[in-house]
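Values quoted throughout were computed directly from the atomic coordinates according to the rules given, and no laboratory measurement underlies them. Not measured: the values here are computed from a predicted model. FYI the Cβ positions are ideal-geometry reconstructions off the backbone, even for glycines, and counts take in every protein chain you see.
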Amino acid sequence: MQKRNTAQKKAIFEELRARRDHPSATRLYEDLKERYPNLSKATVYRVLKNAADEGEILRLHVGPEDRFDGDAKDHLHVICTRCGDVHDEALPPMGLEKLEKNYGYAISSRHVELYGVCPACQKAAE
């Protein structure tokens, strides 16, 4: 089955890939609806769900609503447990060859999440 590449889908991907705040589907919809009045919330949810299922984007389970990352390349996320802020960081070398050799895995992708309290929340708590 061939995937449809609609103007709405293109707009959703362009907006998501231009951002670094890892928006929820609702936030993305809210930010796009003024420019695309015919865009429905259901379309945004469906496009993001399908793209995440296909590995085109990343889905993060942060807070009450999933958030999305337009950068599907290997990297880690540092997530604040207080405000939910998410930052991207490069993955450090992890000796994957050693894991593959020791356990027989053929590792095809990695996803790492680190949790803590961001500097702004630490400062607010002082």
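Can you give the local net charge around LEU58? Use residues other than it whose beta-carbon is closer than 12 angstrom to its beta-carbon, Lys and Arg +1, Asp and Glu -1.
Summing Lys and Arg as +1 and Asp and Glu as -1 gives -4.
Between ARG82 and ASP21, what length in nm is gained on full extension when 0.36 nm per residue of separation is reduced by their alpha carbon distance?
20.4 nm
Using the Kyte-Doolittle scale, which helices in the chain average at least -1.0 and also have C-alpha atoms spread 30 Å or more along the helix axis, with helices defined as whole DSSP H runs?
Result, helices passing both filters: zero.
What is the extension gain from ARG35 to ALA120, computed as 0.36 nm multiplied by their sequence separation minus the C-alpha to C-alpha distance, in nm to one decimal?
27.4 nm
Projecting each Cα onto the charge dipole of the stretch 7-69 (Lys/Arg +1, Asp/Glu -1 at the beta carbon, about the Cα centre), which of ALA25, LEU58, ILE12 comes out farthest on the positive side?
Positive-most Cα among the choices belongs to ILE12.
Most exposed first by the Cβ proxy, i.e. fewest other Cβ within 10 Å, how do LYS10, LYS33 rank?
Ordered from fewest to most neighbouring Cβ atoms within 10 Å, LYS10, LYS33 come out as LYS10, LYS33.
Can you give the three extents of the C-alpha atoms in the chain along their principal axes, from longest to shortest, in whole Å?
Its Cα atoms span 52, 51, 22 Å along the three principal axes.
Starting from the 7 Å offset along Cα-to-Cβ, what nm value, one decimal, do you get for the label separation of ASP53 and GLU100?
Result for the modelled spin labels: 3.0 nm.
Averaged over all directions, how much area does the convex hull of the C-alpha atoms of the stretch 7-69 cover when projected, in nm²?
For the stretch 7-69, averaging the hull's shadow over all directions gives 3.9 nm².
State the answer as a single residue: which of PRO92, ILE79, LEU48 lies farthest towards the positive end of the charge dipole of the chain, with beta carbon charges of +1 for Lys and Arg and -1 for Asp and Glu, about the Cα centre.
Looking along the dipole axis, the top candidate is LEU48.
Based on other C-beta atoms within 10 Å, arrange SER24, SER40 from fewest to most.
Ordered from fewest to most neighbouring Cβ atoms within 10 Å, SER24, SER40 come out as SER40, SER24.
Distance check, please: which entries in LYS33/LYS123; LYS73/LYS123; LYS49/LYS123; LYS73/LYS101 exceed 27 angstrom between their Cα atoms?
The pairs that break the limit, which is 27 Å between Cα atoms, are LYS33/LYS123; LYS73/LYS123; LYS49/LYS123.
Between LYS10 and SER109, what is the FRET efficiency for a Förster distance of 30 Å, r being their Cβ-Cβ separation, to the nearest 0.05?
After rounding to 0.05, the efficiency reads 0.75.
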